[in-house]
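Each reported figure results from applying straightforward, stated rules to the coordinates on display, with no laboratory input. Quantities reported herein were computed from a predicted structural model and do not represent experimental measurements. Positions of Cβ are generated from backbone atoms using ideal geometry, with glycine treated the same way; all protein chains shown enter the neighbour counts.
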Amino acid sequence: MNKLAKVMKKKQLIATTLLAMKILTVQITLAIMFACSVYAHEARAQEFLEKRLSISVKNVEISKVIQLIQKQTNVDFLYSTEGIQANRKINCSFNAKKLKIILEEVFTPLHIGYKVTDDGKKILLYPVAEKTANALNVTENTEALTSLADIITGKVTNEKGLPMAGVSVIIKGGEAGTVTNERGEFRIKVSAKNATLIISYIGYQSQEIVVGDKTSFAIKLITTTEKLDDIVVVGYGTQKKATLTGAVSTIKSKEITEAPVANVTNSLAGRLPGLVAVTSSGEPGYDASTLRIRGSNTFNDNSALVVVDGVPDRSLERIDPYSIESITVLKDASAAIYGARAANGVILVTTKRGKLGKPEITVTTNFGYNQPTRLPKMADAATYATLLNENAFYANNSVGMNSVYTAAEIQKFKDGSDPLRYPNTDWFKTILKPMSVQNNQNVSISGGTEAMRYFVSVGAKHQDANYKNSATYYNQYEFTSNIDGKINKDISIGVDVKGRMEDRHYPQKSAGNIFNSIVSAYPFFVAQWPTGEPGPAREHGENPVVTSTGATGANTDKYYALNTNLKLDINIPWVKGLSFNGNLSYDQGFDFTKNFTKPWKLYSWDNTTVDAKGNPVLTSQTFGTGANNSPSLYESFTSNYSKLAYGLLNYHTKIGENHDLKLMVGSQVSKGNSESFNAYRDLFASTAIQELFAGATTNQVTGGSGSVNARTSYFGRINYSYASKYLLEFVGRYDGSYIFAPDHRWGFFPGVSAGWVASNEKFFKNNIKFIDYFKLRASWGQTGNDRVADFQYLTSYLLGNPYGYNYYPFVVNSNNVLTELQTLYASVLANPNITWEVANQANIGFNANFLHNKLTLEADYFYYKRSNILWPQSAAVPASAGLSLPSVNYGKAQNQGVDFVITYKDITRSKLTYSVSVNGSYAKNKVLEWGETPGIPAWQQTTGHPMGSGLYYQANGIYHNQAEITADNLTYKIGTTPAPGDIRFVDVNKDGVIDQKDQVRTYKNNIPTFTFGSDINLSYKNFDIAILLQGATGAVQYLSEDGGKFTNYRNSFVEGRWTPTNTTANVPRTMDRYNWYWGNSNTYFIHKSNYIRLKTLQVGYNVNNKDIQKAGIKNLRVYISGYNLLTYTPDLKDFDPELNANTDARGSAYGINGASYPLEKVVSMGITVTF
């Protein structure tokens, strides 16, 4: 066995051993957790009440006292503010007293009772009548009631129909109270029919229900639209939504999992204001969306920094969506905490963690079908033959209109009377199946005690491709294990382990090549002969009947990822409010690709010779990629790792009654390494053994590469609040990056933001009562962008290429044997002054609530200015120099716009719960400086206009006849001279000549300037519906037309075209690919790609009857989901508006010709079972 095989076998053995150890570790951990859970459940309530704390306040509202208790005990309280009159002010002072003593001494005199909920998670506060206050009279769910006539029962569910435990149910006026059990059920004794139940839960709208003659109630609670106590993840910590001063948007797990997609990025479009998500391909394994925060801000990489569980540069695309708790987008100076990497914004991903309570097992599985959202209609055989005739006539009028195909032959193409000699092949129908399958499964278990909490999840997903005999598919297998434990009351640890295997499988030809073959294929070619052999090739052995399958070989890519975190949290007891948080992470990835190409045969016919059975006698031709069309193999292996450690010191204190101060300082170091190896061999004797050792060494090629990276950072944050009205935040980061020279390696990036909660002012409360909440925010920050090529401060050297230019060999003589050796040559000069881009970001916005917090509005205006953009110099270097000038930091750009979200949520008298949310984002950028070519006319300049603006000749209709051409009196110097039916170009500079000076910048590209989404949720009884409409405007697509004698045409290009018998048409005559002058880029082929689509639709039903509960099932939900179901694009008929959306900063919007894997629409059915 050769060395490579031994190495691979050893790696497989190590991987198998590690996997077995991981499985065993998880099993042991789960067993321990279950044991701890059973033991701790009974003691949990007593633990709460035995906790000691100190409180000393004067003239403070009851609600403030409750907050102080919550902070010291981590116990949540449930109560109705009106029910217990929480705005009453009291005095109290306790030093190291048990919680149960404090509760009795504080609340009993105030006629407030308390009860620890059955699950030990919360404490219920409720009003009690004065005569029973000392007895703390609470009706228990398990109480043996004597008068059934006085018993009221009910069940409380959320908007999805899921039962809610721990909901407060109180008799208005102070008689009694209770809480719902884990099934959402309650029982309570009432004394009169006119009694009123107050149903309340933190984060949900309270309800008051008059008992009347009913004895049983089904109650549905709706979340408050604006939950100011919600915790929002920010850089290196969390904040309450009420105290946020930056522009931050968040999406929760529920919305992320509504879309039946395998790639998380595809579920974000239309969800978050300010986040632009564009999906350019639907190919399994390569279907990620491009994410941009508030549009484009630089000529270089506009990608946002992705941070997963505190660790940057982890994959967002391939995270299991069922393991995600939330995704937060930092859009302004709030991102400055990430310094030199935050100029394009930051996306924070938080995965789920265990919660107190019994183990909860959730099983989710869904199965679906996908198909292209849109495919172009191509010309059939008769139409294509007619077009070839027309092209021949336009090239030489003397040959007539049927010089290539006669009218009789064209008729045979139409009627199908001779399908072998005159076939009419619809290549899309031949190659693609009506629909392909996909599925997704996930099992998770969550729960824990005060001592240990856990969330463990495993998942698998599969995507098939559109091809009928597909060799393309994507499989993914992942697991997540997040464990949190308490060593003692002051020290906690967390251990996170996440693993993933991405299995991509493709044919030897790429998706672009296959779809190019489909749209280019001649419709009068046979796809497959009656005897089963594939038809002939159009060129280069490309017949998609074969190249879309495994007959040409296989290209596999297996990627293994391991992400780990070790967390340590220490509450420093001798300094009140001081704590330490630390995190160590180690991420490892292995990528193994294997591309084995097998020779394949295609068959052609002379249209005459047949055998005895009447079948055509075929001639074969062999194709392949290796020498002499032999089998070939290319393999590569890449190993990369990253190590990161950070530590934070947090200090929180209150000074007096109104001053709240939080301080955080931290430091972070990271290192990474990547190594790769590749090898190629061909001339395999057989396709049976697909390993490198079986290939010949004649054409052997080997290669390899390596890279390293390192960063060090120091950062901090100060938060100050006065009376919850005046808010101030300062963040700063001092970054050092390996990318730059030592003298330019460090930079400081500050950010400051402020907020004013005007609705907390007395004048506001007394005079502006129609607004429930109003906060004004403003921020400024300076961040950096180091997403540029490494080590540009050093001169770049390359090995000379013997098959190209810059080859400078030398010869050595050893024992009279001359050997030619390669040399290094300088390819790009060094720029020792290279540094990061600098982004100055300003933002002003507000949050407002109306109609008793049912209606909320959040809006922001932003202004960004980017400087020091690294960009090539405009000066030219003589080719004889053999090198290029380095890029320098001189570019400047500006971007400004607005984003907003408005939400309304309510419940009708018929218990229909509904919410409607609309969000939008508008961003427009312009180039301020980037080395404009000297002397070009104003209409070709980019400075002062948007990035990515292409140059196009201006189309002005078509020439209908020779008289119009003569009247124009223009000389065309860009190809052929115009003829009737050609596109008319505008002489922009009025010199009588059409040349390159008449090209004009079109200040649009295929990235939209305005994106929007509308999220609609309805819930009635056990049914729920979620609808997401999403769209974009302000973008264009260039539809390049490649039709001619080598490529088929799209119907949309030739329908209604100009011909000698249809001279009034406004569609140009057919052309032979680029042989006509108007094959040059011109505005005739630019189409608006404005669109609106039904992005996501989900309809669900929750089964909550007693039969499934007896079986141990807490909840069962069935649903059907859809993705990209309907798309409306008035100006773009042939292709999806997002296809190939990728714009070069130099101004070249890549044209669409169909040579791309299409975007997908999906219909999926699923079930979720919770135990």
*asked:* Residue by residue through segment 293-305, what is 3J(HN,Hα) from phi via Karplus (6.51 cos²θ - 1.76 cosθ + 1.60, θ = phi - 60°)? Round to whole Hz and write x for glycine and proline.
replied: 8, 6, x, 9, 10, 8, 6, 9, 5, 9, 5, 6, 7
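Placing unit charges on C-beta atoms (Lys and Arg positive, Asp and Glu negative, everything else neutral), compute the dipole magnitude of segment 721-830 about its Cα centre in debye, rounded to 20.
Numbers: 9 positive and 8 negative charges, 191 e Å.
It works out to roughly 920 debye.
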_Per-peptide average of other Cβ atoms within 10 Å, ordering 440-448, 184-192, 52-60, 260-268 highest first_ = 260-268, 440-448, 184-192, 52-60
*Which entry in [x] 113, 73, 72; [y] 125, 72, 59; [z] 144, 103, 76 matches Cα extents along the principal axes in Å derived from the coordinates of this structure?*
[x]
*How would you classify segment 912-1033 from its alpha-carbon gyration tensor, with a ≥ b ≥ c the square roots of the eigenvalues: rounded for a/c under 1.5, else prolate if a/b is greater than b/c, otherwise oblate?*
oblate
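So which chymotrypsin sites (Phe, Trp or Tyr not before Pro) in segment 529-615 are both in a DSSP loop and have at most 11 other Cβ atoms within 10 Å of their Cβ? Can you show the working numbers first?
Details: sites: 559, 560, 574, 580, 586, 590, 592, 596, 600, 603, 605; in loops: 574.
Passing both the DSSP loop test and the Cβ count: 574.
Residue 885 to residue 941: extension gain in nm, 0.36 nm per residue of separation minus the Cα-Cα distance?
Numbers: separation 56, 0.36 × 56 = 20.16 nm, distance 2.27 nm.
Here the answer is 17.9 nm.
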_Spin-label model distance (nm) - residue 678 vs residue 924, 7 Å beyond Cα toward Cβ_ = 4.4
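Of 89/576; 214/1114; 172/725; 122/762; 97/189, which sit over 29 Å apart, Cα to Cα? Show your work: numbers first, answer last.
Values: 89/576 25 Å; 214/1114 26 Å; 172/725 32 Å; 122/762 33 Å; 97/189 34 Å.
Table pairs above 29 Å Cα-Cα are 172/725; 122/762; 97/189.
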*Averaging sequence separations of C-alpha pairs under 8 Å and six or more residues apart, then dividing by the length of segment 232-368, give the relative contact order as a whole percent.*
27
*Just name one of 339, 389, 431: the one whose Cα is farthest towards the positive end of the charge dipole of segment 318-470 (beta-carbon charges, Lys/Arg +1, Asp/Glu -1).*
339
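Hey, got the dipole for segment 232-368? About the Cα centre, +1 on K and R Cβ, -1 on D and E Cβ, debye to the nearest 20?
Details: 15 positive and 12 negative charges, 114 e Å.
Rounded to the nearest 20 debye, it is 540 debye.
Could you size up the charge dipole of the chain around its Cα centre, putting +1 on the beta carbon of Lys and Arg and -1 on that of Asp and Glu, and report it in debye to the nearest 20? Provide the component values of the computation, followed by the final result.
Numbers: 117 positive and 99 negative charges, 629 e Å.
The dipole of the chain has a size of about 3020 debye.
For a protection proxy built on the mean count of beta-carbon atoms within 10 angstrom, sort 698-709, 1091-1102 highest first, please. Walk me through the intermediate numbers first.
Details: 698-709: 11.7, 1091-1102: 20.8.
So the peptides 698-709, 1091-1102, ranked by packing, come out 1091-1102, 698-709.
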*In what order do 939, 780, 1058 fall by count of nearby beta-carbon atoms within 10 Å, going from fewest to most?*
939, 780, 1058
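Among 998, 991, 772, which comes first, then next, by fewest other beta-carbon atoms within 10 Å?
Numbers: 998 25, 991 12, 772 17.
So the ranking, lowest neighbour count to highest, is 991, 772, 998.
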_Which residues does the label zone of residue 1025 cover in segment 236-267, counting backbone N under 19 Å from a point 7 Å along Cα→Cβ?_
255, 258-260
*Residue farthest toward the positive end of the dipole of the chain, with Cβ of Lys/Arg at +1 and Asp/Glu at -1: which of 959, 670, 1111?*
1111
*What's the angle, to the nearest 10 degrees (0 to 90), between helix 62-73's Cα axis and the longest principal axis of the chain?*
70
*Which of the aspartates and glutamates could a cross-linker span from residue 155 if the Cα-Cα distance has to be under 14 Å and same-chain partners fewer than 8 positions apart are dropped?*
182, 185
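Determine the shape class of segment 232-368: with a ≥ b ≥ c the square roots of the Cα gyration tensor eigenvalues, call it rounded for a/c under 1.5, and otherwise prolate if a/b is greater than b/c, oblate otherwise.
Working: a/c = 2.00, a/b = 1.15, b/c = 1.74.
It comes out oblate by the Cα gyration axes.
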*At a Förster radius of 30 Å, what calculated FRET efficiency corresponds to the Cβ-Cβ distance of residue 97 and residue 575, to the nearest 0.05?*
0.90
*Which of 204, 267, 246, positive extreme of dipole for segment 184-272 (C-beta unit charges)*: 204
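Report the calculated FRET efficiency for residue 796 and residue 1066 (r = Cβ-Cβ distance, R0 = 35 Å), to the nearest 0.05.
Numbers: r = 52 Å, r/R0 = 1.50.
Rounded to the nearest 0.05, the efficiency is 0.10.
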_In sequence order, calculated HN-Hα J values of segment 315-330 (Karplus, 6.51, -1.76, 1.60; Hz; x Gly/Pro)_ = 6, 8, 4, 9, 5, 5, x, 6, 9, 8, 8, 7, 10, 10, 10, 9
_Using Cβ counts within 10 Å as a stand-in for footprinting exposure, how do 1135, 1010 rank, fewest first?_
1010, 1135
*Any aspartates and glutamates with Cα under 15 Å of the residue 241 Cα? List them, leaving off those in the same chain fewer than 8 positions away.*
226, 229, 230, 729, 858
*Do the alpha carbons of any pairs in 240/331; 115/1106; 64/115; 252/352; 973/997 sit beyond 22 Å of each other, and which pairs?*
115/1106
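Between residue 811 and residue 701, take the C-beta separation as r, use R0 = 30 Å, and let me know the FRET efficiency to the nearest 0.05.
Numbers: r = 22 Å, r/R0 = 0.75.
Between residue 811 and residue 701 the formula returns 0.85.
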*Along segment 1157-1171, what does the Karplus equation 6.51 cos²θ - 1.76 cosθ + 1.60 (θ = phi - 60°) give for ³J(HN,Hα), rounded to whole Hz, x for Gly and Pro?*
5, x, 5, 10, 9, 9, 10, 9, 10, x, 9, 10, 10, 10, 10
*For residue 888, enumerate residues with amide H under 5 Å from its amide H, sequence gap 5+ or separate chain, H modeled in the peptide plane.*
871, 873
_In segment 592-631, the trypsin sites (Lys or Arg not before Pro) that fall in loop regions by DSSP, at most 11 other Cβ within 10 Å_ = 613
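Considering only DSSP beta bridges whose two residues both sit in the chain, what percent are antiparallel, to the nearest 5?
Numbers: 386 of 405 bridges.
Antiparallel bridges make up about 95 percent of those DSSP assigns within the chain.
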*Once both axes come from the Cα atoms, what is the angle between helix 381-395 and the longest principal axis of the chain, in degrees from 0 to 90, rounded to 10?*
50
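From Cα pairs below 8 angstrom and at least 6 apart in sequence, can you work out the relative contact order of the chain, rounded to a whole percent? It would help to have the intermediate numbers written out before the result.
Details: 3037 pairs, mean separation 118.4, N = 1171.
After rounding, I find 10 percent.
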*Once both axes come from the Cα atoms, what is the angle between helix 511-520 and the longest principal axis of the chain, in degrees from 0 to 90, rounded to 10?*
50
